[in-house]
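Values quoted throughout were computed directly from the atomic coordinates according to the rules given, and no laboratory measurement underlies them. Note that the structure is a prediction, hence the values are computed from the model and not measured. Here Cβ is always computed from backbone atoms with ideal geometry, including for glycine, and neighbour counts include all displayed protein chains.
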Amino acid sequence: MRTWRSYLLGASLLLAFWQIGAWWAGESVLTGPATVLAELVSESETSRFWHHVGASAWRVIAALAASFATAVPVGLVLGSSRRADRFVRPVINLTYPVPKIVLLPLVLLIFGLGDTGKIVMLSLILFFQLLITTRDAATAVSRSAKYSLYSLGGTRRHLFVHVIWPSVLPAVFTALRIATGTVVAVLFFVESIGTQYGVGFYILDAWGRADVPQIFVGIVVLAIMGAVLYEIFDVLERVFCRWKQM
Amino acid sequence: MTQCCGELLRSTDLTKTYSADNGSVPALGPTSLALGHGETLALVGPSGCGKSTLLLLLAGLEKPTAGEVLFKGQPLTRPHREIALVLQDYGLFPWKTVRRNVELGLEIRGESMDSGRLDSLLAELDITEKMDLYPQQLSGGQRQRVALARALVLNPSLLLLDEPFAALDTLTRERLQDLVAAAWRKHAFGMIVVTHNIQEAVRLGRSIAVMGSTPGRILALVANPRGCSEDYRGQADFFEMSRLVRAHLEQTA
Ligand SMILES: Nc1ncnc2c1ncn2[C@@H]1O[C@H](COP(=O)(O)OP(=O)(O)O)[C@@H](O)[C@H]1O
Ligand SMILES: [Mg+2]
């Protein structure tokens, strides 16, 4: 509940500054929050608007799920097998610095302009962030934790379940929270091509029509989407990593 | 091989050389030792002389470069269900409550312990009230008690302790030494305690092996029949023994 109150306070503060800025610069330069909120309310009464939001939410959630399901297992394996890591590390080091967004044309060529291409593009960017964080956290598991587990009679499987996975989990949640910022930013790019739906398209479309209030509506929606995802991962971390709060 | 009478553990010419990036580290020279059932041995020596390495080999956690370990007459090549280990940093898992830490060994082995025996062990170690806390909510001394509980619930016939109380203040340390001595008298497990503290070696080791470095080896073996007995600390023969062990140690430097 404290979270909600602080969100309310933060949002009011932001809106106040925004409103002051709008008064100072004039509505023709900076549309004020009152206008944008009114636009948001009227837009939210159309099904088209929710179609945009739904399309974006689906792409983001699918990309987060796909990158989680691929990057975390690979990171766990690389972090706990020195041989695998030695083999794969150069590959990662060479591919990681390539800004993945420049692959957008290729990805869309291979996977098509539909949702698949977009989700692959988003997942690709998240994949490396999650992979590297997971791998490094798994590498950091102490020798003494491993000795203890083995001396209790544990196998490699027990080591995964009782030691590596729980010790990596907080880092995974941190990576996921950071990933929400990245994914929403990249969403705007991928939705600028080959689609009629999504908040990214919505913003571009409004821009084309020079409908400034609607541009702001799109921005606000992206911000809310990012914040909601961030909070979801925060809550999940508090549930699954209770020991971290002690 | 004949199974020798009353012998719990024997190592012959145990050697360990670690291979590191910048060459190899001779951690432990050929080291031989033996421990009878229900006997205790303290390994005392300067930092870096290979004490932990020796203990890990005796626990079956590291493979020797040469030599072998016999546990109850059988070659030891991996952790054994009757050997329990407590490490210097306790090796507790911060993501598990005290209860789940203590019961982890049983859980892994698919065993259970009758609750009366568990309760009496927890009472003996004075951690009954801490079971639902996390390790990071405990003091160092309490954590060490939890680590001991986790080892002792497995009812080991050999307990290995690596500098168990090094991070504790003097009074806590002495109280825990007395606790371990009492547990030993009650449960009669074999025990090897690694320490760099002379008084700890004298308090707990019924024989005391003085180690020297590069590579680590045992330089002297001192019999200390009053080790682990009640009210040993503070008596004249305790100080006499400490002086003797110190003299041996000073020769290694
Ligand atoms: N895993 C390892 N890899 C390489 N060298 C090690 C490793 N563990 C210990 N050593 C080295 O072996 C020697 C003995 O270490 P250790 O057994 O920990 O000594 P002690 O417990 O007596 O302080 C030291 O020189 C140490 O640096
Ligand atoms: Mg050591």
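Based on this model, can you work out whether B:V86 counts as within 16 Å of ligand 2 (Cβ to nearest atom) and within 19 Å of the chain's Cα centre (by Cα)? Steps first, answer last, please.
Details: within 16 Å of ligand 2 (Cβ to nearest atom): yes; within 19 Å of the chain's Cα centre (by Cα): yes.
The answer is yes for B:V86.
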message: Could you check the stretch B:13-71 and list, in sequence order, the residues that are in contact with an Asp or Glu (Cβ under 6 Å, 6 or more places away or on another chain), more than 14 Å from chain A (Cβ to nearest Cβ) and within 25 Å of A:K146 (Cα to Cα)?
response: B:G67
- prompt: When the residues of the stretch B:72-109 are filtered to those that are over 22 Å from B:T53 (Cα atoms) and of a type in the set (D, E, K, R), which remaining residue is farthest from the other protein chains (Cβ to nearest Cβ)?
  reply: B:R99
query: Which of the residues belonging to the stretch B:195-225 are of a type in the set (S, T, N, Q) and in a strand (DSSP E or B)?
result: B:T195, B:S207
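When the residues of the stretch A:117-157 are filtered to those that are among the charged types (D, E, K, R) and buried (at least 22 other Cβ atoms within 10 Å of the Cβ), which remaining residue is farthest from B:L58 (Cα to Cα)?
Keep residues of the stretch A:117-157 that are among the charged types (D, E, K, R), which gives A:118, A:135-136, A:143, A:146, A:156-157.
Restricting the remaining residues to those that are buried (at least 22 other Cβ atoms within 10 Å of the Cβ) gives A:118, A:135.
Values: A:K118: 56, A:R135: 31 Å.
Of everything passing the filter in the stretch A:117-157, A:K118 is farthest from B:L58 (Cα to Cα).
Just to be sure, is A:S44 over 15 Å from the mean Cα position of the chain (by Cα) and within 14 Å of chain B (Cβ to nearest Cβ)? Give the derivation first.
Details: over 15 Å from the mean Cα position of the chain (by Cα): yes; within 14 Å of chain B (Cβ to nearest Cβ): no.
Spelling it out, it is not the case that A:S44 is over 15 Å from the mean Cα position of the chain (by Cα) and within 14 Å of chain B (Cβ to nearest Cβ).
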- line: Over the stretch B:115-162, the set of residues in contact with a His (Cβ under 8 Å, 6 or more places away or on another chain) and closer than 26 Å to A:M246 by Cβ is B:L152
field: Count of residues meeting criterion [in contact with a Leu (Cβ under 8 Å, 6 or more places away or on another chain) and away from ligand 1 (no atom under 16 Å from the Cβ)] in the stretch B:158-176
entry: 4
message: Looking at the stretch B:137-160, I want the residues that are facing chain A (nearest Cβ under 10 Å) and without any contact (Cβ under 8 Å) to a residue 40 or more places away in the chain and have a partner that is surrounded by fewer than 19 Cβ atoms within 10 Å (Cβ to Cβ) and not in a helix (DSSP H, G or I) with Cβ atoms under 9 Å, at least 6 apart or on another chain. Which pairs are those?
response: B:Q137/A:M246
field: Elements of type helices (runs of 4 or more DSSP H) in the stretch A:137-242, at least 1 residues being within 14 Å of chain B (Cβ to nearest Cβ) and not hydroxyl-bearing (S, T, Y)
entry: A:143-151, A:165-190, A:212-240
- request: Would you please name the residue that is farthest from ligand 2 (Cβ to nearest atom), looking only at residues in the stretch B:172-199 that are surrounded by 22 or more Cβ atoms within 10 Å (Cβ to Cβ), away from chain A (no Cβ under 14 Å) and closer than 19 Å to B:T53 by Cβ?
  value: B:M191
